[in-house]
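The values are calculated or read from the model by the stated rules, or taken from the named source; none is laboratory data. This is a predicted model, so every value here is computed, not measured. When we count neighbours, we look across all protein chains shown, and the Cβ atoms used for this are built from the backbone with ideal geometry, even at glycine.
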Amino acid sequence: MADKTINLLMMTPERKIFEGQVLSISCQNELGKLDILPEHSNFMSMIEDEIVIRDLMGKEKKIPVEQAIIQVLKDMVVILMNINVSENDVVLKAIMDQFQE
């Protein structure tokens with residue numbers, strides 16, 4: 001396991017999708033792509049398209065999103081995803097299955 005990690009919390013309005021340690025997070029906002037590594041500077045942004053999470057084993061998990069909010073504060077990242085669970089059960093299940101592996 002890497003020495004430095006990021007605490008990640010991913011949520012929808014209805015439930016927590018994932019909470020745990022990851023190596024990095026990649027996403028995109030209206031200005032372009034961003035990579036979040038341990039000790040990243042603090043910021044908040046709307047993000048779109050896809051979130052790529054690199055887990056502690058280095059495996060990438062790709063999460064499609066139309067729109068989400070990301071907040072980075074020290075080594076804690078919170079991603080609030082705009083998924084209506086009742087209308088997108090298949091999408092949510094596919095996302096959550098990636099974190100069960």
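Values computed for the structure shown
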| quantity | calculated |
| --- | --- |
| In region 1-42, residue nearest to ASP55 (Cα to Cα) [restricted to those that are among the basic types (Lys, Arg) and touching a residue at least 40 places away in the same chain (Cβ under 8 Å)] | LYS4 |
| Criterion (of a type in the set (Phe, Trp, Tyr) and more than 11 Å from the chain's Cα centre (by Cα)) met by exactly one of PHE18, PHE43 | PHE43 |
| Selected residue (criterion: surrounded by the fewest Cβ atoms within 10 Å (Cβ to Cβ)) from residues of region 44-101 that are small (Gly, Ala, Ser) and modelled with pLDDT of 70 or more | GLY58 |
